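Undergrad: Sharing a structure with you now.
Derivation of every value follows stated rules applied to the coordinates shown; laboratory data play no part. In this text, all values refer to a predicted model and were calculated from it rather than measured experimentally. So basically every Cβ, Gly included, is an ideal-geometry build from the backbone, and we count neighbours across all protein chains shown.
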Amino acid sequence: MKVLVAVKQVAILGDEVEFTEDDRDVDPDYLDYALNEWDSYATEEALRLVEAAGSGEVVVISVGDEDAEDSMRRCLAMGADRGIRVESVRTLDPIQVARALAEVVRSESPDLVFAGVQSSDSVQAATGGALAGLLDMPLVAVVTKIELGDGKATVNRELEGGLVDVVEVDTPAVITIQTGINEPRYATLRAIKQAEDKEIDVRQPGDLGPQAQRVRRMFVPPKGEGAEMLDGGAAEVAQRIKELVEEKMA
Amino acid sequence: MSVLIVAEHRRGKVRPITLEMVSAAKELGDETAVAVIAKDPAAIADQVDVEGVNEILYVKVDAEGFENDVYREALEQVISDRSPHVVLVGFSIDSMGFAPALAAKLGLGFASDVFALRRDGDDLVAERSFYGSKVNAELDFPNTERVLLMIRPTAWPPAEGDGAAVSAEVDVTISASRARHVDFQEVAASEDVDITGADFLLSVGRGVGEKENVGQFEELADKMGATLSVSRPLVDQGWMPSSRQVGQSGKTVKPKVYLALGISGAVQHLAGMKTSGTIIAINTDPEAAIFNVAHYGAVADLFEVAEELEKLY
């Protein structure tokens, strides 16, 4: 049982923002980084399946620069066995990321490939799907439950408005994992230390194909009408809320 | 630019995003076709014959409901048959199952969660957010001749008015579906409250921090005469049942007053509440996306405000 988990180190923008000189991206000085929330659920799900199978491995794969290994190490500390990072120093669109990952998947012949439904920074919800398209693998997107069978799996696909679509999918397959599917484990200090010694194989990307999208310009969205901001301390804010509620509910 | 819209439908009904995409296409189109991929396209076609649609394509398939492989294969053949400049699909759970795969396979230009579109000469310009909705970007697609865009629900109003579309059949061949629909299950039946019927929702998000803190907001909601609702993270953590969840995967609500405490305003949450009568948002982050849809806002600590509210009720 071998499960590949595609993970992303996401960028977090704080209260302040400046753009690069060409206005096509945020100045990296204003960004912090973390493991994408969806990917910790995907990693946990992979660990549980391999543990239930009794043998196998969980391999974390990612596209990014050396700093992205911080997030991969988080997954290794949770229990993943090893990592493969495809070197990339520039921002890629999700389809280019999928092209870089597809080569890794081909070389590993996994039973399942997991990816988070989406990344918290870009929210394209596309990398896992694009990967399945490139590899011509079966795909189920936005999954909240997985039961493995023989050469297939029965999964719950979470639809809008609280409806679930139960799907039977042939394996090997690509599955994109939704938050809430499990409770990701915390890594112990010992595990974090041990993860430092786990292998992360670094590979160079092949042909990533044409850019699927190009940023012309990035900007802070105009506030528009926006919210009327209530000033003052908590007591004054609470008083205004009470007045507003009375007025609007009348 | 010729536009091909993929109709989204479930259990015989066209979903609202389909008609919203017809409105979106008006920003670009000279010619707009809607592809209805279904076992019985005729049963769906009437629902998409609105003003702005020139042609409805009947794409007959065997599958009863939506299946990834069926849509991907059918659409690949429709695109090859019709050669549209732009393909529009919803930024929805169904589309996530086939649209990125198709874009990657065919080498299409691609962007998702698009909420604005325009033409700039011969170029198509699409707008979407990055970095947790804190910045927007204009995208173009200079390296591909055809573009597939996933359109944000509720970004455009649904198209209305009687249409006069002509119809045409497109024959497609579908190989075996590798991810097959088995059953629909309704989750979160009404064992709890129905938040969609409430006039006043007090809604809490990740800002509550810990499970132990949820109770005090339940009490506050009671005191204020509000119903407590939550954003997704609280359901994911198992702190509240999914029947209380507002957002794309939860409930869509439209109360008179929506008081959001400690909710940053992920796109999926906003989709479920942004048409509320009056939205009041409290968040410690002045750049939180919730303030873009709120009518009133305050940059404040939700616990301090909650404490003061308790004194007033």
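Undergrad: For segment B:177-313, what relative contact order do you get, as a whole percent, if you take Cα pairs closer than 8 Å and at least 6 residues apart?
TA: Numbers: 258 pairs, mean separation 30.7, N = 137.
It comes to 22 percent, rounded to a whole number.
Undergrad: Next up: Using label points projected 7 Å from each Cα along Cα→Cβ, tell me how many nm separate B:LYS39 and B:GLU145, to one decimal.
TA: Inter-label distance under the simple model: 3.8 nm.
Undergrad: Now for a separate question. Using Cα pairs under 8 angstrom and six or more residues apart, how large is the relative contact order of chain A, in percent?
TA: Dividing the mean separation by the residue count of chain A yields 24 percent.
Undergrad: Can you run phi through the Karplus equation (6.51, -1.76, 1.60; θ = phi - 60°) for segment B:161-175 and list ³J(HN,Hα) in whole Hz, with x for Gly and Pro?
TA: x, 5, x, 9, 6, 8, 10, 8, 9, 10, 7, 10, 10, 10, 7
Undergrad: I'd like the mean, over residues of A:151-160, of how many other protein chain beta carbons sit within 10 Å of each residue's own Cβ.
TA: Whole-number average of other-chain Cβ neighbours for A:151-160 is 5.
Undergrad: Identify which of B:VAL193, B:VAL14, B:VAL78 has the largest mean-square fluctuation in a Gaussian network model of chain B, with springs joining Cα atoms closer than 10 Å.
TA: B:VAL193
Undergrad: So, one more: Let me have the relative contact order for segment A:84-221, percent, based on Cα pairs under 8 Å that are six or more residues apart.
TA: 32 percent
Undergrad: What are the GluC sites (Glu not before Pro) within segment B:210-279 that DSSP puts in a loop, where the Cβ has at most 12 other Cβ atoms within 10 Å?
TA: Loop-located and lightly packed - B:GLU210.
Undergrad: Where does chain B land at 222 nm, in deg cm²/dmol rounded to the nearest 500, when only DSSP H runs of n ≥ 4 count, each adding -39500 (n - 2.57), divided by all residues?
TA: Rounded to the nearest 500, it is -6500 deg cm²/dmol.
Undergrad: As an exercise, use a Förster radius of 25 Å and the Cβ-Cβ distance of B:GLU307 and B:ARG206 to find the FRET efficiency, rounded to the nearest 0.05.
TA: About 0.85, to the nearest 0.05.
Undergrad: So what's the angle, to the nearest 10 degrees on a 0 to 90 scale, between helix A:37-53 and the longest Cα principal axis of chain A?
TA: So the inclination is approximately 30 degrees.
Undergrad: Need the list of lysines near B:LYS223 for cross-linking: C-alpha distance under 30 angstrom, and skip anything on the same chain fewer than eight residues off.
TA: Filter leaves A:LYS242, A:LYS248, B:LYS211, B:LYS251, B:LYS254, B:LYS256, B:LYS274, B:LYS311.
Undergrad: Ranked highest first by the average count of other Cβ atoms within 10 Å around their residues, in what order do A:113-121, A:4-12 fall?
TA: Highest mean packing first, the order is A:113-121, A:4-12.
Undergrad: Counting partner chain Cβ atoms within 10 Å of every residue's Cβ in B:298-309, what's the average?
TA: Taking the mean over all residues of the peptide, I get 5.
Undergrad: Roughly how tilted is helix A:69-78, in degrees to the nearest 10 and between 0 and 90, from the longest Cα axis of chain A?
TA: Helix A:69-78 sits at roughly 70 degrees to that axis.
Undergrad: Determine by what factor the alpha-carbon radius of gyration of chain A differs from 2.2 N^0.38 Å, reporting the quotient.
TA: With N residues counted in chain A, Rg over 2.2 N^0.38 Å equals 1.17.
Undergrad: Sticking with this one: So how far apart, in nm, are the two label points at B:SER167 and A:VAL220 if each is 7 Å from Cα heading toward Cβ?
TA: Going by the 7 Å Cα→Cβ label model, 5.3 nm.
Undergrad: Then there's this: How long are the semi-axes of the ellipsoid equivalent to the protein assembly as shown, from square roots of 5 times the Cα gyration tensor eigenvalues, in whole Å, largest first?
TA: Here the semi-axes work out to 35, 31, 24 Å.
Undergrad: Which helices, taking whole DSSP H runs in chain B, have alpha carbons extending 24 angstrom or more along the helix axis plus mean Kyte-Doolittle at least 0.0? Write out the running numbers ahead of the final one.
TA: On the way: long enough: none.
Flagged H segments: there are none.
Undergrad: Go through B:VAL208, A:GLY151, B:ALA38 and say which Cα lies farthest out towards the positive end of the charge dipole of the protein assembly as shown; charges sit on Cβ, +1 for Lys and Arg, -1 for Asp and Glu.
TA: Among B:VAL208, A:GLY151, B:ALA38, the one farthest towards the positive end of the dipole of the protein assembly as shown is A:GLY151.
Undergrad: Only four residue types carry charge here, +1 at the Cβ of Lys and Arg and -1 at the Cβ of Asp and Glu. Report the dipole size of segment B:151-212 about the Cα centre in Debye, rounded to the nearest 20.
TA: On the way: 5 positive and 12 negative charges, 91 e Å.
Around 440 debye, computed over segment B:151-212.
Undergrad: If the cut-off is 30 Å between C-alpha atoms, which lysines fall inside it for A:LYS198, apart from same-chain ones fewer than 8 positions away?
TA: A:LYS2, A:LYS8, A:LYS145
Undergrad: Next up: Looking at chain B as a GNM with Cα springs under 10 Å, which of B:ALA198, B:ALA103, B:ALA179 has the largest mean-square fluctuation?
TA: Residue with maximal mean-square fluctuation among B:ALA198, B:ALA103, B:ALA179: B:ALA179.
Undergrad: When the chain is fully extended, how far beyond the present Cα-Cα distance does A:ALA250 get from A:ALA52, taking 0.36 nm per residue of separation?
TA: Details: separation 198, 0.36 × 198 = 71.28 nm, distance 5.70 nm.
Between A:ALA250 and A:ALA52, full extension yields 65.6 nm more.
Undergrad: While we're on this one: Shielding by partners for B:287-297, please: the mean number of other protein chain Cβ atoms within 10 Å of each residue's Cβ.
TA: Mean shielding count: 4.
Undergrad: Something else now. Would you please give the FRET efficiency between B:ASP62 and A:ASP207, computed as 1/(1 + (r/R0)^6) with r the Cβ-Cβ distance and R0 = 45 Å, to the nearest 0.05?
TA: Working: r = 37 Å, r/R0 = 0.82.
For R0 = 45 Å, the calculated efficiency reads 0.75.
Undergrad: Moving on to the next point. Mind checking segment A:183-250 for GluC sites (Glu not before Pro) that DSSP puts in a loop (not H, G, I, E or B) and that have at most 16 other Cβ atoms within 10 Å?
TA: A:GLU196, A:GLU199, A:GLU225
Undergrad: Given charges of +1 on the Cβ of Lys and Arg and -1 on the Cβ of Asp and Glu, with all other atoms neutral, how large is the dipole of chain B about its Cα centre, in debye to the nearest 20? Kindly include the intermediate steps, with their values, before the conclusion.
TA: Details: 28 positive and 49 negative charges, 47 e Å.
Here the size comes out at about 220 debye.
Undergrad: Relative to the longest principal axis of chain A, what angle (0 to 90°, nearest 10) does the C-alpha long axis of helix A:94-108 take?
TA: On a 0 to 90 degree scale, this one is about 20.
Undergrad: With +1 on each Lys and Arg Cβ and -1 on each Asp and Glu Cβ, how big is the dipole of the protein assembly as shown about its Cα centre, in debye rounded to the nearest 20?
TA: 700 debye
Undergrad: Students often get this wrong: which residues of segment B:9-29 have the backbone nitrogen under 15 Å from the point 7 angstrom along Cα-to-C-beta of B:GLU186?
TA: In segment B:9-29, the label zone of B:GLU186 (backbone N under 15 Å from the point 7 Å along Cα→Cβ) covers B:11.
Undergrad: Here's something else I'd like to know. What residue among B:ILE263, B:ILE174, B:ILE290 has the largest mean-square fluctuation in a Gaussian network model of chain B, using Cα springs under 10 Å?
TA: Greatest mean-square fluctuation among the candidates belongs to B:ILE174.
Undergrad: Using the basic label-point model (7 angstrom from Cα toward the beta carbon), what is the B:LYS13 to B:GLN216 distance in nanometres?
TA: Calculated label separation equals 4.1 nm.
Undergrad: Now a separate question. Which value in deg cm²/dmol, rounded to the nearest 500, describes the helix-derived mean residue ellipticity at 222 nm for chain A, given -39,500 (n - 2.57) per DSSP H run of n ≥ 4 and division by the residue count?
TA: For chain A, the value works out to -9500 deg cm²/dmol.
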